[in-house]
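Participant: Here it is, the structure in full.
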Amino acid sequence: MKIGEHIKARDPKIYEELVKESERQQNSLEMIPSENFASEAVMEASGSILTNKYSEGYPHHRYYGGNQFIDNIESIAIERAKKLFGVPHANVQPYSGSPANLEVYLSLCSPGDVIMGQNLTDGGHLTHGFKTSVTGKIFKSIPYHVKPDGFIDIEEARRLAMEHKPKLIWVGSTSYMREFPFEEFSKIAEECGAYLAADISHISGLVVSGVHKSPSNYADIITTTTHKTLRGPRGAIIMVTEKGLKKDPLLAEKIDKTVFPGMQGGPHDHTTAAIAIALLEASSPEFAEYSRQIVRNAKALASALTSKGIKLVTGGTDNHLLLIDLKSFGKGSGVFAQEALESAGITTNKNTIPEEPSSPFFPTGIRMGTPAITTRGMKEKQMDEIASIIAGALEEIRGYSLPENREERHAYLEKAFGELRENKNLEDLRKRSEALCREFPLYP
Ligand SMILES: *Cc1c(COP(=O)(O)O)cnc(C)c1O
């Protein structure tokens, strides 16, 4: 892909890094489940002259002049979002997923209120009330968990909700490979009088394609990032459902006021245009087929890995992601696995597993997903090859174990990572990953 000639002339240092990053994306298997490759049309809009404009406010109610065309762009994005997700209200201005979620809190809750979300080490997102996030500091967070088998513990969630009476409950997370139980959570929210917000950041592409159940009949509010399975620019959308408006007719107004002027200034109009384009792309039959293929690929990968004796949390997947349970490789072995896979040409991330025996920084799992490699055109056959590369790479971490003594860890890991980078078997596996990448070029 052509990288900006203007950047090359103006800033050779940044240009050089951009070229290298472009090559990295081209030549390795991108399997971080929250990543994807946006279309050239989406990227053109993201890098367009729209970055020059200020347009605080909403279409036809702006604080600045010259917004005739911006008004049209934002209105188109809003209409497309409403139609695609089947909701009566959408705000496309949130800068990204985390501010969008904070905007939901600030529209519905006061500091100190009780809120509930899926626990971070059980697959939940930081912004659903984790202690290191501002959401865990200003609100009283009561997390629910997954059971030892990896499925959400609905009974625990119900019990905690009735006991603590949260103001807001989140359903949706970053590391859950099964359908979200929207209906069960909507019953819990009704029973305890809470608002229910569905954060479908990871699965929104699957939802608009009908591959995953939509929360629009169950939740009051829906949030999503636009850059994951939806394959748009980095941004987010907050939506209010019919159900939410029935419960609180002012809900849409509250959300809009919190986004602007409550939390943000001028919207990123270049992103708004790119979101509009991504939503148009996502409404096509090709996109629906793409989403179905994401899931077929994930299931094919899951069964190929399982047949090689690799253990998956919940035993498989319903969506785009898989979580490998590395307990048999030792506590904290996710760090070695991530490094070995990277040496083998596969980018993934280490991740905690249910009943994590180690810690979030030295976890015992590997999370991986199929959205990005499916965008390149890969299918079930390639998943067999990828499963074989993964299994081969995991063999190479057998000799390593995380030192119990924290002081010894740094030196040990440095040595181990150095060895994994030089490892001949991993280099051979890398050649196989690169061959797949050449066969399915990115931005051909
Ligand atoms: C990615 C994600 C977010 C945060 O999005 P950012 O754009 O990274 O701020 C929030 N919630 C969930 C469930 C996510 O997966």
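Derivation of every value follows stated rules applied to the coordinates shown; laboratory data play no part. Nothing here was measured: the structure is a model prediction, and the numbers come from that model. Positions of Cβ are generated from backbone atoms using ideal geometry, with glycine treated the same way; all protein chains shown enter the neighbour counts.
Participant: Counting other beta carbons within 10 Å of each residue's own, what order do E419, E356, E23, E74 fall into, fewest first?
Facilitator: Ascending number of Cβ neighbours within 10 Å: E23, E419, E356, E74.
Participant: Need one number: nm distance between label points at N425 and T51, each 7 Å from Cα along Cα→Cβ, rounded to one decimal.
Facilitator: Label at N425, label at T51, 4.6 nm between them.
Participant: Please sort 285-294, 116-125, 26-35, 403-412 by packing, taking for each peptide the average over its residues of neighbouring beta carbons within 10 angstrom, highest first.
Facilitator: 116-125, 26-35, 285-294, 403-412
Participant: Can you compute the helix-only [θ] at 222 nm over the chain? Use -39500 (n - 2.57) per DSSP H run of at least 4 residues, normalise by all residues, nearest 500 deg cm²/dmol. Show your work: numbers first, answer last.
Facilitator: Working: 18 runs with 205 residues, N = 444.
That calculation yields -14000 deg cm²/dmol at 222 nm.
Participant: Determine, at each q value in 0.15, 0.30 (inverse angstroms), the log₁₀ of I(q)/I(0) that the Debye formula gives when each Cα of region 155-210 is one equal point scatterer.
Facilitator: For region 155-210, the Cα-only Debye profile gives -0.45, -1.22.
Participant: Show me, bin by bin at 10 Å from 0, the whole-percent P(r) of the chain based on Cα pairs.
Facilitator: 4, 20, 29, 27, 16, 4, 0
Participant: Considering only C-alpha atoms, what is the centroid distance from region 288-334 to region 115-165, in Å?
Facilitator: 24 Å
Participant: I'd like the distance separating the alpha-carbon centroids of region 22-75 and region 87-108, in whole Å.
Facilitator: Rounded to whole Å, the Cα centres lie 17 Å apart.
Participant: Shifting gears a bit: Beyond 22 Å between alpha-carbons counts as too far, so tell me which of K131/K247; K147/K243; K53/K254; K83/K165; K147/K350 fall in that bin.
Facilitator: Long pairs (Cα-Cα over 22 Å): K131/K247; K147/K243; K53/K254; K83/K165.
Participant: Given the pairs K187/K257; K2/K228; K311/K331; K213/K299, which span a C-alpha to C-alpha distance of over 20 angstrom in this model?
Facilitator: Numbers: K187/K257 28 Å; K2/K228 23 Å; K311/K331 15 Å; K213/K299 17 Å.
Over 20 Å Cα-Cα: K187/K257; K2/K228.
Participant: Order of R398, R438 from fewest to most other C-beta atoms within 10 Å?
Facilitator: R438, R398
Participant: Could I ask something else about it? From the convex hull of the Cα coordinates of region 285-439, what is the mean projected area in square nanometres?
Facilitator: Mean projected area of the Cα convex hull: 9.0 nm².
Participant: Same structure again: Pick out, from G65, T135, A194, the residue whose Cα sits farthest towards the positive end of the charge dipole of region 45-282, with +1 on the Cβ of Lys and Arg and -1 on the Cβ of Asp and Glu.
Facilitator: Value computed over the given set: G65.
Participant: Would you mind pulling out the separation of the Cα centroids of region 372-444 and region 171-235, in Å?
Facilitator: 31 Å
Participant: To continue, here is another question. Please list, or write none, the aspartates and glutamates whose alpha carbon is within less than 19 Å of the alpha carbon of K327, excluding same-chain residues fewer than 8 places away.
Facilitator: Filter leaves D122, D149, E339, E355, E356, E395, E396, E404.
Participant: For F440, F130, what ranking results if the residue with the fewest other Cβ atoms within 10 Å of its Cβ goes first?
Facilitator: F440, F130
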